[in-house]
Structures are given as structure tokens and as C-alpha cells.
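S.K.: Below is a structure I'd like to ask you about.
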Ligand code: PAF
């Protein structure tokens with residue numbers, strides 16, 4: 001595999017591949033790779049001729065400066081992890097902030113109501129920063145397909161919307177959440193959990209999957225209250241818990257408002273913010 005730090009060298013190598021009509025699969029990441037990322041890379045390698053992985057901690061998508069500063073970074077470890085999945089002419093693109101942002105970024109996207117709820121409400125500016133960087137990356141890599149994990153389910157919806165706004169011919173492939181054996185959704189932030197918070201963090205998935213499988217127990221509002229109460233009792237702090245339509249991401253008040261409902265949650269585990277989501281199984285006659 002080749003590792004490039006500049007846009008021009010990356011473009012040059014990609015053009016050499018596309019001149020040979022190679023199909024490019026792209027996996028954008030912020031590094032601190034784990035099995036969740038590797039499952040995306042492995043799928044991209046199966047479904048394309050070549051894979052490009054970007055590793056860039058995007059400063060403009062962090063609404064919390066402390067989170068940006070403490071975000072885990074270890075390029076050497078990431079390269080080692082990627083090695084078994086990448087061929088000689090596959091690419092790791094690891095630019096610096098100055099390379100990605102030679103000028104201050106001012107672009108403002110309008111993602112409509114997709115960006116007003118959940119992560120959009122609690123992390124102002126976050127999705128604009130994601131949109132700006134993913135648009136730049138897509139224009140550098142020009143992939144046929146790009147792979148994103150469903151843990152950031154709202155981000156996936158925003159990126160699909162971005163490809164429509166920017167008229168980008170890239171197919172967005174959602175990939176299922178990869179979990180630790182105890183159910184905790186894999187995240188680069190998990191390594192920063194204290195031992196105590198790491199031991200109670202699996203309750204997030206337990207609480208939302210139990211509620212999603214038992215929606216006959218109450219209304220969305222009632223189940224949200226039960227989830228929040230259960231988790232807050234453990235020492236986790238629920239920021240939001242929401243039952244929402246998978247496409248519009250708008251919260252539902254009644255189970256029959258949508259055929260495709262997901263339960264979304266964000267929790268503060270000490271200093272670390274964790275998110276997760278789970279699909280509610282379809283129940284007939286609800
Ligand atoms: O999901 C992430 O890791 C980031 O938000 C992304 C898509 C790489 C953009 O910086």
C-alpha cells in the first residue's frame with residue numbers, strides 16, 4: 001500500500017488507477033482504527049478493485065475543543081492494522097489540517113431537518129464540518145463507492161444528502177455496527193473510558209435493544225423515560241434517547257407513525273460521549 005500526505009500525490013496515484021478503469025472503494029476515517037473500521041475496509045476490498053482509506057482527524061467537526069485535543073491518534077498503529085487488508089497499489093491518505101484547509105473554511109450546508117435533531121441539536125456545527133470534509137475527500141478520491149458505519153446513523157443520512165446537494169456520483173454503502181462481545185458499539189473513543197465506565201457502558205446497548213424489542217410495553221415517550229431512568233441510575237448520563245423514523249430521522253410519538261423506526265441514544269460516560277442505535281423490529285398491528 002502507498003501512504004500519501006498530500007492531495008496532489010494522492011490524486012496522481014488515483015488517476016493512474018482510474019486510467020486503468022479501476023473501481024475505487026473509499027473508507028473515510030479519523031484513525032484510531034478498530035474492528036468496525038476494518039470491517040468497512042474488508043468489504044471495500046471485496047467489492048472494488050482498489051481501496052482508499054483516509055485518516056484525518058477533522059478539526060472543524062469537533063464542537064468540543066477538549067474532545068479534539070484528546071482524540072486518539074496513532075498513525076503507525078493504524079497503518080499496521082490496515083496492512084493485511086490493502087494491496088500494493090491501495091492508498092492510505094493521511095493529510096495534515098493545513099493540507100486539507102489551506103484557507104479558513106466558511107461553507108455552510110443546509111441539510112434541512114436531518115440536522116436539527118439528535119446529534120445536530122447537541123453538537124452545533126458538527127454536521128457542517130462533516131459535510132465540508134467529506135465533500136473535499138470525495139472530490140480528491142472520486143470513488144465509485146464509499147463505506148460508512150451505521151453507528152453514526154445520522155451522519156450516514158447527512159452524507160447521502162450531501163451527495164445529492166453536491167451532485168456527486170458516489171454510492172454510499174451503510175455497514176452494520178460492529179460490537180464488542182459484551183454489546184458495546186465499537187468506537188475510537190472506547191479506549192478513553194475509565195475501567196468503571198467501560199464496565200457499565202454495555203448497558204447502553206442492553207437498554208436500547210431491550211426497549212426496541214418490547215415496544216408493546218408503552219408509548220415511545222414512556223419507553224424513552226424508562227431507558228433514561230435505567231441508565232442514569234448506573235452513573236451514565238443520558239443526553240438524548242429518541243425513537244425516530246430511519247429516513248427522516250424525525251422522532252415518532254406513536255409506533256404506527258413509521259414502518260422503520262430506530263432507537264437512538266447519546267450518553268455521557270464520565271468525560272466520554274458515546275452514541276448507539278438499534279433498529280426496532282417490525283411489529284404487525286402495533
Ligand atoms: O465518521 C467519521 O470517522 C468522520 O465523521 C468522517 C466521516 C471520517 C469525517 O471526518
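Nothing in this text is a laboratory measurement; each read-out follows from the coordinates by a stated rule. Bear in mind the structure is a predicted one, so any value in this text is a computation, not a measurement. Reconstructed Cβ throughout: ideal geometry from the backbone, glycine too, with neighbour counts over all protein chains shown.
S.K.: Once the Cα gyration tensor of region 146-286 is found, what semi-axes does its equivalent ellipsoid get, as square roots of 5 times the eigenvalues, in whole Å, sorted largest first?
M.R.: Working through the eigenvalues yields semi-axes of 25, 22, 12 Å.
S.K.: Which of rounded, prolate or oblate describes region 90-153 when judged by the alpha-carbon gyration tensor and an a/c cut-off of 1.5?
M.R.: Cα axes put region 90-153 in the oblate bin.
S.K.: In degrees, nearest 10, range 0 to 90: what is the angle between the Cα axis of helix 153-165 and the longest Cα principal axis of the chain?
M.R.: 50 degrees
S.K.: Something else now. Would you work out if region 11-124 is rounded, prolate or oblate? Take a ≥ b ≥ c from the square roots of the eigenvalues of the alpha-carbon gyration tensor; rounded if a/c is under 1.5, else prolate when a/b is larger than b/c, oblate otherwise.
M.R.: Working: a/c = 1.76, a/b = 1.57, b/c = 1.12.
The shape class here is prolate.
S.K.: Provide, as a two-decimal number, the C-alpha radius of gyration of region 214-286 over 2.2 N^0.38 Å, N being how many residues it has.
M.R.: The value comes to 1.13.
S.K.: Hey, another quick one. Roughly speaking, what is the stretch gain from residue 222 to residue 160, that is 0.36 nm per residue apart minus the C-alpha to C-alpha distance, in nm to one decimal?
M.R.: Once the chain is fully extended between residue 222 and residue 160, it gains 19.2 nm.
S.K.: Relative to the longest principal axis of the chain, what angle (0 to 90°, nearest 10) does the C-alpha long axis of helix 7-19 take?
M.R.: Once rounded, the angle reads 80 degrees.
S.K.: Using a 7 Å offset from the Cα along the Cα-to-Cβ direction at both residue 246 and residue 179, what is the distance between the two label points in nm, to one decimal?
M.R.: 1.7 nm
S.K.: While we're here: Give me 66, 90 sorted ascending by neighbouring Cβ count inside 10 Å, so fewest comes first.
M.R.: In increasing order of surrounding Cβ atoms, one gets 66, 90.
S.K.: Provide, for q = 0.09, 0.10, 0.12, 0.16 Å⁻¹, the log10 of I(q)/I(0) from a solvent-free Debye sum over equal Cα point scatterers in the chain.
M.R.: With one equal scatterer per Cα and no solvent, log10 I(q)/I(0) is -0.45, -0.55, -0.79, -1.33.
S.K.: By counting other Cβ atoms within 10 Å of each Cβ, how are 261, 177 ranked from fewest to most? Working shown, then result.
M.R.: Values: 261 24, 177 18.
If I rank by nearby Cβ atoms, fewest first, I get 177, 261.
S.K.: Per residue, how much space in cubic angstrom lies within the convex hull of the C-alpha atoms of region 1-75?
M.R.: Dividing the Cα hull volume of region 1-75 by its residue count gives 106 Å³.
S.K.: What is the spin-label model distance, in nm, from residue 63 to residue 21 if the labels are put 7 Å beyond Cα along the C-beta direction?
M.R.: About 4.7 nm, to one decimal.
S.K.: Averaged across orientations, what area in nm² does the convex hull of the alpha carbons in region 40-83 project? Show your work: numbers first, answer last.
M.R.: Details: hull surface 15.8 nm².
Mean projected area for region 40-83: 3.9 nm², to one decimal.
S.K.: What ranking do 136, 225, 87 get, fewest neighbouring Cβ atoms within 10 angstrom at the top?
M.R.: 87, 225, 136
S.K.: When all C-alpha to C-alpha distances in region 139-182 are sorted into bins of 10 Å, what percent of pairs does each bin hold, rounded to whole numbers?
M.R.: 26, 49, 18, 6, 0
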